[in-house]
Amino acid sequence: MEKRKEHWETVYSNKQPHEVSWTQECPATSLNFIHSFDLPKTAQIIDVGGGDSKLVDYLLDEGYENVTVLDISEKALDRAKARLGEKAVKVKWIASDITEFQPDDYYDVWHDRATFHFLTTHEQIARYLDIAKQAVHGYLTIGTFSDNGPKKCSGLEIKQYTESQLQTELANGFQKIRCITEDHVTPFNTVQNFLFCSFKRRE
């Protein structure tokens, strides 16, 4: 875990948003999935591996009142706080490796764009899913690299997913709602193919 944390602290210390592949000016797909759940503005939403993503900015601007951002990198969270300025106090910030996260809230929406695919061992994946099953009382949406996406990111190995593979991983606890694939164009004009799926927590 320490090596993972050190890796991401280094990335966020040395690179600006336009220098990393995952940067999005507007996280439209994530917002569309969250809107599709038709939840009130009081819904508890967690952005897992949110880093300095702008999803939190858009959620606050839309009036969502209970937003949590979790990331392994404190430097990433500090950058997001600095960008938000006074609005940062409206957000709950958690610096944690997702596989060591001990949730003290229940979430109506668990959002993860590009964290799950960094978990490459059975133990890491099982731990993530155990935590999600414990914490999610509503919906979960995950964006991972598809089987047409990159095999590495930020110098790290990743795990690609097809729709059926992702559905199988989450079947014990979550019912698939829908999946899409989309090309993400990076700040340096390369293309990464993502798989986005939404799920509902099984009763």
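Every number in this text was worked out from the coordinates using simple rules, so none of it is lab data. For clarity, every value in this text was computed on a predicted model and none was experimentally measured. Backbone-built Cβ (ideal geometry, glycine too); neighbour counts: all protein chains shown.
What the table below lists for this structure:
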quantity: Förster-model FRET efficiency, 30 Å R0, ALA171 and THR42, C-beta, rounded to 0.05; calculated: 0.50
quantity: Label-point separation, LEU31 to SER164 (7 Å along Cα→Cβ), nm; calculated: 3.5 nm
quantity: Candidates SER96, SER36, SER73: whichever shows maximal mean-square fluctuation once the chain is modelled as a Gaussian network with Cα springs under 10 Å; calculated: SER36
quantity: GNM top mover of ILE45, ILE180, ILE72 - the chain, alpha-carbon springs below 10 Å; calculated: ILE180
quantity: Longest to shortest principal axis, alpha-carbon extents of the chain, angstrom; calculated: 41, 37, 31
quantity: Fluctuation leader among ASN193, ASN32, ASN66 - the chain, Gaussian network, Cα springs under 10 angstrom; calculated: ASN32
quantity: No Cys partner within the rule (Cβ under 4.7 Å), the chain; calculated: CYS26, CYS153
